[in-house]
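Only one structure is covered here, and it is reproduced in the block below.
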Amino acid sequence: MTKPLQPLVVIAGPTATGKTAAAIEVARQFDGELVGADSVQVYRGFDIGSAKPTADELRGMPHHVLDVLDPDQDVDAVTYANLADAAIGDIRARGRLPVVVGGTGLWIRALVRGLVEVPPVNPEVRERLEKAAAALGAPALHAKLALVDPISADAIHPNDTLRIVRALEVYEQTGTPLGTLRAEHALGEPRYRAIFVVLDMDREQHGVVIEDRAKQMLAAGWVDEVRALRTQWGDDIRPFGSVGYREVLEHLRDGIPLEETLRRIRKSTRIYARRQRTWFKGEPGVSWRSKSAELRKPGGLDRIEEELRL
């Protein structure tokens, strides 16, 4: 007889929709601990611009897979899933409920369902694509990717050379878009019984929240944070390619005025949020979608309680 899958709660959704606050509420209500699923919050020192929860916000709530890597270390979805699996095992050993929180959709999929098997790196293909990226620029390769693999292209930033090259590499080796392979694989057997909640909010309201949050981050010392990280690690570390950090780095490196930097952060964050919505809209296994504030209303957690009883 197959052993039943153990439950965990996933609180996901676009950036700046209140996921952390909601997850803390869920964890407190159901005797849980948090497991991060954020591809920037895993890095030490990337605090303000990643909206990493502070000690005051957590109020003693354990938060795992946070501050686990130095900025010059690489991490992929498989590495993340291994880190999260270990944290979940520890949490469950203490008789507590794992509450996964974050907006990095591929990482969450890797944790809950595993990842599609793809061919190993072909050095010749990789070298040719990397040379093309260096000569033509990542956006040009992204445009090529959009023609053959629109699903992956929609989920990858036009400047993310590493992921663009990998997606094109898989397509050349298999003849099948990586986005299609992942979508088909996502319908397979789950690794956990996930109570999967996607948070969102009204688009107009979300735009205001995104701008206000960016202003607060800049006022809190975001530029100084990036300046210090740059001094210690240089300009070429991977998390500097993330939304917001990329624009603040350009402000320091290229002299982009701060007002223009804010405008660019606002724009790139909205684009990123749109990509996250597209990802989670098509993600199988989502229990339900909720406006961010609804989980914190009286009775807002009743459905989670009902599903945990199943």
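Read-outs throughout are calculated quantities, based only on the coordinates presented, and are distinct from any laboratory measurement. Being a predicted model, the structure only gives us computed values, none of them experimental. Cβ coordinates were reconstructed from backbone atoms using ideal geometry, including for glycine residues, and neighbour counts include every protein chain displayed.
Ellipticity at 222 nm from helices only: DSSP H runs of n ≥ 4 in the chain, each -39500 (n - 2.57), divided by the residue count, give -16500 deg cm²/dmol. The distance linking region 234-294 with region 160-230 is 8 Å (Cα centroid to Cα centroid, whole angstrom).
Output the peptides 81-88, 245-252, 17-24 sorted from most to least packed, where packing is the average of other Cβ atoms within 10 Å over each peptide's residues. Write out the running numbers ahead of the final one.
Details: 81-88: 18.8, 245-252: 21.0, 17-24: 23.0.
With the highest mean Cβ count within 10 Å placed first, the list reads 17-24, 245-252, 81-88.
Please report the orientation-averaged projected area of the chain, defined via the convex hull of its C-alpha atoms, in nm². Intermediate values should be presented prior to the final figure.
Working: hull surface 67.9 nm².
Spelled out: convex hull of the Cα atoms, projected over all directions, averaged, 17.0 nm².
When each of the peptides 48-59, 266-277 is scored by how many other beta carbons lie within 10 Å of its residues on average, the order from highest to lowest is 266-277, 48-59. Debye sum, Cα scatterers, region 6-148, no solvent: what log₁₀ I/I(0) at q = 0.12, 0.20, 0.21 1/Å? Debye output, listed in q order: -0.59, -1.22, -1.30. Simple spin-label estimate for residue 189 and residue 59 gives 4.2 nm between the two label positions (7 Å along the Cα-to-Cβ direction from each Cα). Suppose R0 equals 25 Å; then what is the FRET efficiency for residue 203 and residue 260 from their Cβ-Cβ distance, rounded to the nearest 0.05? Efficiency, from the Cβ-Cβ distance: 0.60. The residues packed around residue 277, meaning those with a beta-carbon under 14 Å from its beta-carbon, carry a net charge of +4 if Lys and Arg are +1 and Asp and Glu are -1. Of all aspartates and glutamates in the structure, those lying under 13 Å Cα to Cα from residue 215, and not within fewer than 8 positions of it along the same chain, are 259, 260.
For residue 131, which lysines qualify as cross-link partners when the Cα separation must be under 24 Å and same-chain residues fewer than eight apart are set aside? Straight-distance partners of residue 131: 144.
For the peptides 212-223, 163-174, what is the packing order when you average, over each peptide's residues, the other Cβ atoms within 10 Å and list the highest mean first? Write out the running numbers ahead of the final one.
Numbers: 212-223: 15.8, 163-174: 20.4.
Highest to lowest by the protection proxy: 163-174, 212-223.
List the residues whose amide H sits under 5 Å from the amide H of residue 33, counting only those 5 or more places along or on another chain, with H placed 1.01 Å from N in the peptide plane. Answer set, sorted by chain and number: 97, 99.
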